[in-house]
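Structure, as structure tokens:
The values are calculated or read from the model by the stated rules, or taken from the named source; none is laboratory data. The shown structure was predicted, so the numbers you read here are calculated from the model rather than taken from an experiment. Glycine also receives a Cβ, built like all others from the backbone with ideal geometry; neighbour counts cover every protein chain displayed. These area figures cover heavy atoms from the full protein model, side chains too; ligands, DNA and RNA do not enter into them. Shrake-Rupley method; radii C 1.70, N 1.55, O 1.52, S 1.80 Å.
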Amino acid sequence: RPEGIAPDVNDKMLIRITEKVPDRWYDYRVVIEDPTYAGEGVITPKQIVSYPIKPLADTFKNENGDYCLYEATVERRDENGVLYFNMRDDIHAFLRESLEVGEMWTVQVSMVNPDRYLCISEGGFSLFIYRNLVDEELHQGDFIHAVIEEIYPNSVIRASYAGRTDETFMQTAAF
């Protein structure tokens, strides 16, 4: 939209993520679609979710093939005036309000660290499980059930291992 005002840092607005920025590995072009604001900018997946993933071409499209509309906040403006957007704070607030301790989720082990398993949930949030509390060796890519044990203020989620599962999901669909 050509009309509208340019946003400032911390302004919240509606955006569409439209394409990968050429020659930039993880940056995606954003167009503001908001009744108040106008402009465009950039977002990276780490400003949406806390786990490492490289989105596919259709990740930001709905089942009809249209680009989705998201609420985001302007995180910063660089020296060239490019806007950088962030959705993680709002997602963290949503997780704190919607998840409950004791819930079981299907998750995929996305990274194995010396002391913990990092996992991506079917619901699109990340969590960790302490390795010393799991009675078998898990590997990257394994699908398991995990029970939420604690949700920390910054939305880091600690879970416990509840067993292997044959259930699967696509990481990009969770994303």
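Considering the range 81-130, the qualifying strands (runs of 3 or more DSSP E), each wholly inside and each with 3 or more residues that are open to solvent by less than 40 Å² (accessible area, probe 1.4 Å) and polar (S, T, N, Q), run over 104-112. Considering the conditions (1) without any contact (Cβ under 8 Å) to a residue 12 or more places away in the chain; (2) surrounded by fewer than 13 Cβ atoms within 10 Å (Cβ to Cβ), residue 61 is excluded by exactly one of them, (2). Between 162, 146, 72, the distinction of being open to solvent by less than 20 Å² (accessible area, probe 1.4 Å), of a type in the set (A, V, I, L, M, F, W, C), over 30 Å from residue 5 (Cα atoms) and touching a strand residue (DSSP E or B) at 6+ places or on another chain (Cβ under 7 Å) belongs to 146 only. Taken together, the residues in the range 149-159 that are in a strand (DSSP E or B) and either among the acidic types (Asp, Glu) or crowded, with 19+ Cβ neighbours inside 10 Å (or both) amount to 5.
The set of residues in the range 110-161 that are among the small types (Gly, Ala, Ser) and in contact (Cβ under 8 Å) with a residue 40 or more places away in the chain comprises 110, 121, 123, 124, 126, 146, 155, 159. Applying the selection to the range 5-32, what residues are in contact (Cβ under 8 Å) with a residue 60 or more places away in the chain and part of a loop (DSSP other than H, G, I, E, B)? Across the range 5-32, the qualifying residues are 7, 8, 9, 10, 11.
If you scan the range 85-109, which residues turn out to be in contact (Cβ under 8 Å) with a residue 60 or more places away in the chain and in contact with a helix residue (DSSP H, G or I) (Cβ under 8 Å, 6 or more places away or on another chain)? Scanning the range 85-109 gives 85, 108. Determine, yes or no, whether residue 74 is within 30 Å of residue 31 (Cβ to Cβ), in contact (Cβ under 8 Å) with a residue 40 or more places away in the chain and assigned to a strand (DSSP E or B). Yes: the conditions hold for residue 74.
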